[in-house]
Amino acid sequence: MSSGGFSPLQGMSDIAPPEVGLWQRVESVARSLFPLYGFEEIRTPILERTPVFTRAIGEGTDVVQKEMYTFDDRGGRQVSLRPEGTAGVIRALCELGPDFAEARVFYIGPMFRAERPQAGRKRQFHQIGVEALGAPSPAADAECIAMQMHLVEQWGLGGAVLHVHTRGVAADQAAVRAGLIEAVRPHLGALCEECRRRHETHPLRILDCKNPGCRAVVDTLPPVMSFMAPESRAYLDEVVARLGALGVPAQVDPRLIRGLDYYEHTIWEITHAALGAQDALAGGGRYRIDLDGRAVEGVGFAMGVERVIMALMGAGVKVEDYRGRPDLWLVAVGDRAREENLALAQQLRRRGAAVGLDTSGRSVKAQMRAANRRGAPWVAVRGDDELAAGRCQLKDMAAGAEQSVTVGELIARFAKA
Ligand code: HAM
């Protein structure tokens, strides 16, 4: 079967069985862990007015300048597919009002960035994220990071490394800008064209540039923390100390910047060796976002689900193990058994058993092959004789052994509810 040339757009993928079973597991582990920390789910629209993103994320960021899917809707409004979750969630929480001033929410869903696709970098990707509103507090940041590392552990993902750093407070950001502009100036000739252009407007972006010439310059610069007030350093130290007390080791990484403008104070990334060049499994930080004149403060993170899946598979997880399997497969010999099997399957399914069967009248051999392909551990075969006797032949697919059981026994054996 082919879709006649209608394959998905570049950088967008269908997520199908058997892989989708692993996705479901990753999501369900997150759904059961977040409530332990008091987080509830929120679902916001995938499409928003463009300024929700440009204001929150920042006009000068790569995400806003190069990566958003933006277009005019039928009413001539400029709208964008969400490139990340935080902006829309903050918009929603502002609208929900004062009861949500200290909200703790999580979200799971697709995000869109028009990046150059490569392994671990998609144009439609999926995030599992959280946001916790509230004033800056090293304890709140440490709690949020500890929850994230708890999730990584629950997924069974060893080898993840936590890198933390700080963006400082608003006053620091002016000093960092000024300091960086001066420190970079003597090296302008060695920078790529884009970094030369943004040197005065967005000097922090230079620290994120992948160009080898720019990287060499960045290595010679003083750490951005050296431009910050001592309180910002102390805040970060306290976050690290609290993480230590919670048993979460953190590496302070003076080169960590994060590509979104809303951050203040703590920022972090989790990397994993199995991911290769795009090694960020997750990113997060404390932020201050002002959409309509009221600044909202909070802390949160997002994990890329594609990257979590890649890391799990790199660690030897087999997607086949997460494929849903039937408990039982019903095989019919003849038309009457085929009809009766549909009724029996319905009876069993109402009692919580996962039952497969063929409704199209294929040969017994083809039905057995289908049972095998779907990994059914048991097969019940009946034809006219078994129907007359109210029995079926129950076959253990692994052992090959067969026994005759009554329909009542079969139901009792496979019923769960
Ligand atoms: P981010 O670092 O832009 O942060 O994205 C978070 C994670 O999403 C990344 O670490 C990565 O795993 C995944 N990701 C990002 N872009 C792609 C892509 N093109 N393909 C595959 N995976 C990708 C944020 O989005 C912030 N909203 C996180 C946050 C929440 N900060 C505070 N609250």
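The values are calculated or read from the model by the stated rules, or taken from the named source; none is laboratory data. This structure is a prediction, so every number in the text was calculated from the model and none was measured. Every residue, glycine among them, receives a Cβ derived from its backbone with ideal geometry; neighbour counts consider all protein chains shown.
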Checked pairs for region 246-267, first under 15 Å from Tyr235 (Cβ atoms) and at pLDDT 95 or above, second within 12 Å of the ligand (Cβ to nearest atom) and acidic (Asp, Glu), C-beta under 7 Å and 6 or more apart or across chains, list as Thr266/Asp141
Among the residues of region 294-304, which ones are β-branched (Val, Ile, Thr) and near the ligand (Cβ under 8 Å from one of its atoms)? Val299
I'm told Thr201 meets every condition in (1) surrounded by fewer than 17 Cβ atoms within 10 Å (Cβ to Cβ); (2) closer than 28 Å to Thr271 by Cα except one. Can you identify the failing condition by its number? (2)
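Conditions tested, residue by residue: (1) of a type in the set (S, T, N, Q); (2) within 13 Å of the ligand (Cβ to nearest atom); (3) touching a Leu at 6+ places or on another chain (Cβ under 8 Å).
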position	(1), (2), (3)
Tyr69	no, yes, yes
Gly76	no, no, no
Tyr107	no, yes, no
Arg113	no, yes, no
Restricting attention to region 309-328, does a residue exist that is buried (at least 20 other Cβ atoms within 10 Å of the Cβ), touching a residue at least 60 places away in the same chain (Cβ under 8 Å) and acidic (Asp, Glu)? no
With a cut-off of at least 1 residues that are out of contact with any Asp or Glu (no Cβ under 8 Å at 6 or more places or on another chain) and closer than 30 Å to Arg374 by Cβ, name the helices (runs of 4 or more DSSP H) lying wholly within region 209-324. 305-314
Please work out if Val217 is more than 21 Å from the chain's Cα centre (by Cα) and at pLDDT below 95. yes
Only one of Arg286, Arg307, Arg336 is more than 16 Å from the ligand (Cβ to nearest atom) and among the charged types (D, E, K, R). Can you tell me which? Arg336
Considering each residue of region 105-128, count those that are more than 11 Å from Glu306 (Cα to Cα) and either in contact with a helix residue (DSSP H, G or I) (Cβ under 7 Å, 6 or more places away or on another chain) or polar (S, T, N, Q) (or both), and give that number. 8
If you check Ser226, Ser232, which single one turns out to be polar (S, T, N, Q), more than 13 Å from the ligand (Cβ to nearest atom) and in contact with a Gly (Cβ under 6 Å, 6 or more places away or on another chain)? Ser232
Among the residues of region 122-136, is any more than 8 Å from the ligand (Cβ to nearest atom), without any contact (Cβ under 8 Å) to a residue 60 or more places away in the chain and in the same structural domain as Gly300 (by TED's automatic domain parsing)? no
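Rundown of residues vs (1) surrounded by fewer than 17 Cβ atoms within 10 Å (Cβ to Cβ); (2) in contact with a Gly (Cβ under 9 Å, 6 or more places away or on another chain); (3) modelled with pLDDT of 95 or more, yes/no style:
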residue: Val64; (1), (2), (3): no, yes, yes
residue: Thr70; (1), (2), (3): yes, no, yes
residue: Ser80; (1), (2), (3): no, no, yes
residue: Arg123; (1), (2), (3): no, yes, yes
Considering only region 82-91, I want to know if a residue exists there that is among the basic types (Lys, Arg), assigned by TED's automatic domain parsing to the domain that holds Ile257 and more than 30 Å from Ala277 (Cβ to Cβ). yes
Looking at Leu33, Leu47, Leu81, can you tell me which residue is more than 16 Å from the ligand (Cβ to nearest atom), touching a residue at least 24 places away in the same chain (Cβ under 8 Å) and within 18 Å of the chain's Cα centre (by Cα)? Leu33
